[in-house]
Every structure is written in structure tokens, then in C-alpha cells.
Amino acid sequence: MGDFTHFNEQGRARMVDISEKEETVRTARVRSSVKVSEEIYEAIQGNHVKKGDVLSVAQVAGIMAAKKTPDIVPMCHPLPLKSVDISFDWITEGDYELLIDVTVKTKGNTGVEMEALTAASAVGLTVYDMCKAIDKGMVIGPTYLLEKTGGKSGDYLYENE
């Protein structure tokens with residue numbers, strides 16, 4: 001099957017050859033968050049942000065980002081994504097924090113972790129962009145892999161949830 005390294009014989013970057021890897025159903029679930037002020041929370045919840053419906057726009061941005069991941073991350077393979085699902089939840093005890101959950105799925109010969117991470121990051125950036133006129137003190141992240149399934153390396157489950 002060959003050596004899975006991102007360096008060629010000259011020590012320069014290359015895209016790994018995945019042509020011999022088995023095609024399986026692969027999923028990745030990622031979580032990120034954006035800590036916001038109470039004012040931003042109320043503006044998002046009341047749909048009073050001047051740039052529009054923050055969560056709807058951020059959701060579309062995340063889906064678009066997942067599909068464009070190979071254009072942003074140089075060594076990612078272009079993949080035919082089968083599903084991108086983005087959901088939101090709020091933590092309002094103490095701080096105000098928007099939780100972002102992304103699930104990406106494909107059937108192919110490499111995983112979709114980078115697509116899910118890229119989508120979650122784009123969602124956070126879009127929330128920031130749409131709300132920065134209210135308060136620039138938002139904090140994006142952490143962004144991390146919750147779970148992955150499929151592929152030779154097997155399943156992964158984040159242990160600190």
C-alpha cells in the first residue's frame with residue numbers, strides 16, 4: 001500500500017497516494033464554540049443583528065467551507081461529501097457560549113476530519129464577523145474532534161466530553 005508520508009523522495013511536500021486504501025463510510029463529528037456577550041446573545045436570539053440571521057448564515061458558511069476544504073488546507077484530498085450537518089446549542093449559565101456541532105459524512109478512501117474542523121471554524125468566524133459591530137470581545141474555540149468512524153485507523157472518540 002505504500003508509505004503514508006507527506007514528503008516525497010526529495011523531502012518536499014506531496015499529497016499522499018490513497019488509491020489503494022479501502023473505500024468505507026467515514027464520519028467525523030467536531031465541536032467548537034463562540035463565547036459572546038449577553039448583548040450578542042440577545043441580538044442573535046431576537047434576530048436583531050443588522051447583517052441578518054446569524055445562525056442561518058453561519059450554517060451555510062460551514063457547509064460551504066466543508067466543501068471547499070481542499071482549497072484551504074493544501075494536503076487535503078477533494079472528497080465527495082455525502083452529508084454536512086451543523087447544529088447549535090446555547091450555554092447561558094455564567095457566560096454566554098454558542099456551541100457548534102458539525103457532522104460530516106462520506107463514502108471514500110480517506111476521512112473527513114479536516115472537512116468537519118474547517119466547517120466548525122468557518123461557522124465561528126461567520127458568527128464573529130456578523131456580530132463584531134456589537135462587541136469585538138468574542139472568543140472562538142476550542143475546536144476539536146469529538147468522534148470519527150471508518151478507515152484503517154479505526155474509530156476515535158474524544159474522552160474528555
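The values are calculated or read from the model by the stated rules, or taken from the named source; none is laboratory data. All figures in this text were calculated on a predicted structure; none of them were measured in a lab. Quick reminder, even Gly has a Cβ in these numbers, built from the backbone with ideal geometry, and neighbours come from all protein chains shown. The area values use the complete protein model at the heavy-atom level, side chains included, leaving out ligands, DNA and RNA. Shrake-Rupley method; radii C 1.70, N 1.55, O 1.52, S 1.80 Å.
Compute the distribution of all C-alpha to C-alpha distances in the stretch 37-119, in bins of 10 Å from 0, and list the percent of pairs in each, rounded to whole numbers.
Histogramming the stretch 37-119 at 10 Å steps yields 17, 40, 26, 15, 2 percent.
Go through the stretch 35-43 residue by residue and turn each phi into a ³J(HN,Hα) via Karplus (6.51, -1.76, 1.60, θ = phi - 60°); whole Hz please, and just put x for glycine and proline.
In residue order, the calculated couplings are 7, 10, 7, 4, 4, 5, 3, 5, 5 Hz.
Normalised by the number of residues in the stretch 60-161, what is the relative contact order in percent for Cα pairs under 8 Å and 6+ residues apart? Don't skip to the end; give the middle numbers.
On the way: 127 pairs, mean separation 24.3, N = 102.
Relative contact order here is 24 percent.
Between the DSSP loop rule and a limit of at most 12 other Cβ atoms within 10 Å, which trypsin sites (Lys or Arg not before Pro) in the stretch 54-161 are left?
Working: sites: Lys67, Lys68, Lys82, Lys105, Lys107, Lys132, Lys136, Lys148, Lys152; in loops: Lys68, Lys132, Lys136, Lys152.
Filter output for the stretch 54-161: Lys136, Lys152.
With θ set to phi - 60° and the Karplus curve 6.51 cos²θ - 1.76 cosθ + 1.60, what are the ³J(HN,Hα) couplings of the stretch 122-133 in order, to the nearest whole Hz, using x for Gly and Pro?
Working through the residues one at a time gives 5, 4, x, 5, 5, 4, 4, 4, 6, 10, 5, 5 Hz.
Compare the Cα positions of Cys131, Val30, Val112 along the charge dipole of the chain (+1 at Cβ of Lys, Arg; -1 at Cβ of Asp, Glu; about the Cα centre) and return the one farthest towards the positive end.
Val112
What list of ³J(HN,Hα) values in whole Hz, one per residue of the stretch 8-14 in order, does the Karplus curve 6.51 cos²θ - 1.76 cosθ + 1.60 (θ = phi - 60°) give from phi, with Gly and Pro shown as x?
7, 5, 8, x, 9, 5, 8
Non-local amide H neighbours of Lys82 (under 5 Å, H modeled in plane, Pro and chain starts lacking H): which ones?
Amide H to amide H, under 5 Å and 5 or more residues apart or across chains, Lys82 pairs with Lys105, Thr106, Lys107.
Using amide H atoms built 1.01 Å from N in the peptide plane, name the residues 5+ places from Asp135, or on other chains, whose amide H lies under 5 Å from its own.
For Asp135, whose amide H was placed from the backbone, there are no distant partners under 5 Å.
With each run of n ≥ 4 DSSP H residues scored as -39500 (n - 2.57), what mean residue ellipticity at 222 nm is computed for the chain after dividing by its residue count and rounding to the nearest 500 deg cm²/dmol? Let's see the in-between values first.
Values: 4 runs with 45 residues, N = 161.
Roughly -8500 deg cm²/dmol at 222 nm, from the helical runs in the chain.
What ranking, highest mean first, results for peptides 35-43, 123-131 when packing means the other Cβ atoms within 10 Å averaged over each residue? Write out the running numbers ahead of the final one.
Values: 35-43: 17.0, 123-131: 21.9.
In descending order of packing, they fall as 123-131, 35-43.
Over the alpha-carbon set of the chain, work out the extent along each principal axis and list the three values in angstrom, largest first.
Principal extents (Cα only, largest first): 55, 30, 25 Å.
Residues with beta-carbon under 11 Å from that of Val84, excluding Val84: net charge, scoring Lys, Arg +1 and Asp, Glu -1? Let's see the in-between values first.
Working: positive: Lys67, Lys82, Lys105; negative: Asp85, Glu115.
It works out to a net charge of +1.
Could you work out the mean projected area of the convex hull around the alpha carbons of the stretch 17-57, in square nanometres to one decimal?
Working: hull surface 22.0 nm².
Spelled out: convex hull of the Cα atoms, projected over all directions, averaged, 5.5 nm².
Find the accessible area per residue for the stretch 43-158; the probe is 1.4 Å, ligands and nucleic acids are left out, and the unit is Å².
Per residue, the stretch 43-158 has 53 Å² of solvent-accessible surface.
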